[in-house]
1. Tell me, yes or no, whether region 348-364 has at least one residue that is free of Cβ contacts under 8 Å to residues at least 40 places away in the same chain, in a helix (DSSP H, G or I), more than 19 Å from the chain's Cα centre (by Cα) and farther than 26 Å from residue 85 by Cβ.
2. Report, by residue number, each residue of region 303-330 that is surrounded by 20 or more Cβ atoms within 10 Å (Cβ to Cβ) and within 16 Å of the ligand (Cβ to nearest atom).
3. What pairs come out if I take residues in region 26-45 that are farther than 18 Å from residue 373 by Cα and pair them with residues that are of a type in the set (Phe, Trp, Tyr) whose C-beta lies under 6 Å away, six or more apart or interchain?
4. Out of curiosity, is residue 281 surrounded by fewer than 23 Cβ atoms within 10 Å (Cβ to Cβ) and within 16 Å of the ligand (Cβ to nearest atom)?
5. Report, by residue number, each residue of region 413-450 that is outside any loop (DSSP other than H, G, I, E, B), surrounded by fewer than 21 Cβ atoms within 10 Å (Cβ to Cβ) and charged (D, E, K, R).
Amino acid sequence: MAAKTCDLMIRNAHVVTCDAKGTKYPSGAIAVRGRDIVAVGRSADIEKTWRAGRTIDAGGSLVHPGLIDMHYHTTYHMVGKMIAEVDFGGQDPGPWVAKQYLGMIDALDDDLEYANVSLLGLDMLKSGVTTVMDPGSAFEPEMVRLASDALGFRASVADPFLMDERGPQLSRFKRAKFGRAHALKNLGRQLVRNKDPHAKVRGHISVYGMGNDSDELRLAAKKVADKAHVAFNMHQSQSVDDAEFDDRRFGRHPLVHFEDIGLLGKNCVFVHMNVLRPDEYGPVERSGLSIVWSPTNSWYYGARLQVKTPMPRLHKSGVNIAIGLDVSKAASFGDQMYTAYALARDQGEYVSPDDLLRMYSINGAKALGWSKWLGSIEAGKRADIVVRNSDVPEVWPRHNPVRQHVLLAKSRTVDTVIVDGEVLVKGGKLTRMDEAEIYARADAAGKTMRRAAGISG
Ligand SMILES: [Zn+2]
C-alpha cells in the first residue's frame, strides 16, 4: 500500500492531545498537511502510513496544542511593564495602577498600538501562545491584524470601548467615545472579519463590563453575538469593590440579575469572576457560560481585594474555565498555569497540571466557539502545535512531562511553534522576521509612552 503524503511530520514526541478523552501518545507523531492536522497517533503507525516533506524530531519531549490566552489587552502590552514598583502597604493598588496606565494609554496612536502588539506577538509566540482574545480595548483593531499579518499569531478582536455608564474601573480614555448611541451603532463592526474562513484575526462582541454599561447595551450586544454565533465578552466581578458596585446598582448580586434579565448563555465569556457569592453559582452553572481566570492578575491585586478563588470548585462542577493574562505586569504568559496551580494549592484546593493545560488550550477554543477546528491535536483541526525541548534540568528525569514543562520549566522549553501548519518559532527564534527590529520599535515606543505619562527613567 502506497504511503499517504503530508507536508510536515512531528515524530518521537510525547503528544498530549487535549481531546475530549484526554488522549496522550507517549511515543507519538502528528502529520500535518497545509493548515490542518491530518493524523495523530502512535509514532510507529503514523510513520508507516505517512511520507512527509519535512520532519521535526521532538526528541521524546512534550508536544501540546498552541496555547490560547483568553484575555489580553493587546495594545497595552508595554503599559503594565512600565508602571513603577511600589509597596501598596495594604491599600487597594487599583486607583494607583489606573492613574499610571491612563497617561500611557492616552498616548497610544496607531503606530504605538502597532509597536505594542508586535512585541506582544513575539512574547506570545515564544511562550507557545498562538491565539489571543482582546476584550475590545484596541483603539484600532486593524493594528492587531497588521501585527498578526507580520508575525502569524491568531487573535479575536472586538469593537473598541462600547460603554454607556461609568463604573469604578478605568474607562475615561481620550480616544474612547462614550455613549449609548455610539455603542449601539458600532456593535458588530469587527464581525466582517469572520467572512474569510482562513482569517487569523476574527471578530467577537465585547462590552467593557464592570459598571461601564447599561442592561440595554449589554442585552443588545448579546443579541448581536447570538445572531453571529460568536462570543459575548466582558469583565465582571474582579474584586469585592466591583461586585459591591453592581450589588448597589442592581439591588441584588450581579450574576443573579444577569440570569433574570436573560443575559446569560453558552457564548458568554466573563473575565475575572473572582468574587462570586453563594447565590451566583447557580446562574453560572445553569447557563453554561465560560469564565476566564486571570491568576496572575489575582495575586497582583492581592488578598485584600479577593475572596477565596471559586475556580477550582467551578472547574470540578463542570464550568468551562479558560485562562488569560490580562496585562503583563510582574508575570508573563509562562507564569499563568503555575500561578493558577499555586493559588489553588494555597487554598487547600487542587487543579491538575493536565487540567491547567486544557484550560489554556481547548477550554479557550470552547469559550470562543472555535473548538470544532482549534484547541486540540486531532485530525481535521488546524495545526496549531507547540513542540518543547528537553534542554533544561527541570524536565529531567523524564517522568511527568506536563508538570515538568508547564509548571517547572514554564516558557523556557518552548522550541518550535506552529500556527496553521506554518513554523513561526524554530529553536526558540522567530522565523518570519528579525526580532531586533521588534525590540527597537518597542524601545522607541516605550520612551514615547513614558514621556507622555510623566514616568521617569
Ligand atoms: Zn482586562
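The values are calculated or read from the model by the stated rules, or taken from the named source; none is laboratory data. Values in this document were obtained by computation on a predicted structure and should not be read as measured data. Positions of Cβ are backbone-derived with ideal geometry, glycine not excepted, and every protein chain shown enters the neighbour counts.
1. no
2. The answer is 322, 323, 324, 325, 326, 327, 328.
3. Matching pairs, first to second residue: 42/25.
4. Working: surrounded by fewer than 23 Cβ atoms within 10 Å (Cβ to Cβ): yes; within 16 Å of the ligand (Cβ to nearest atom): no.
When the stated conditions are applied, residue 281 does not pass them.
5. 422, 426, 429, 435, 437, 441, 443, 447, 450
To keep it simple, each residue is scored yes or no on (1) closer than 26 Å to residue 308 by Cα; (2) outside the structural domain of residue 276 (by TED's automatic domain parsing); (3) without any contact (Cβ under 8 Å) to a residue 12 or more places away in the chain; (4) surrounded by 15 or more Cβ atoms within 10 Å (Cβ to Cβ).
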position: 200; (1), (2), (3), (4): no, no, no, yes
position: 209; (1), (2), (3), (4): yes, no, no, yes
position: 221; (1), (2), (3), (4): no, no, no, yes
position: 230; (1), (2), (3), (4): no, no, no, yes
position: 239; (1), (2), (3), (4): yes, no, no, yes
position: 251; (1), (2), (3), (4): yes, no, yes, no
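So that you can scan it fast, the table gives a plain yes or no per residue for (1) polar (S, T, N, Q); (2) more than 16 Å from the ligand (Cβ to nearest atom):
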{"residue": "239", "(1), (2)": "yes, no"}
{"residue": "250", "(1), (2)": "no, yes"}
{"residue": "257", "(1), (2)": "no, yes"}
{"residue": "261", "(1), (2)": "no, yes"}
{"residue": "301", "(1), (2)": "no, no"}
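Results for (1) surrounded by fewer than 20 Cβ atoms within 10 Å (Cβ to Cβ); (2) of a type in the set (Asp, Glu); (3) assigned by TED's automatic domain parsing to the domain that holds residue 174; (4) touching a residue at least 40 places away in the same chain (Cβ under 8 Å), shown as yes or no for each residue.
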{"position": "82", "(1), (2), (3), (4)": "yes, no, yes, yes"}
{"position": "99", "(1), (2), (3), (4)": "yes, no, yes, no"}
{"position": "104", "(1), (2), (3), (4)": "no, no, yes, yes"}
{"position": "131", "(1), (2), (3), (4)": "no, no, yes, yes"}
{"position": "136", "(1), (2), (3), (4)": "no, no, yes, yes"}
{"position": "149", "(1), (2), (3), (4)": "yes, yes, yes, yes"}
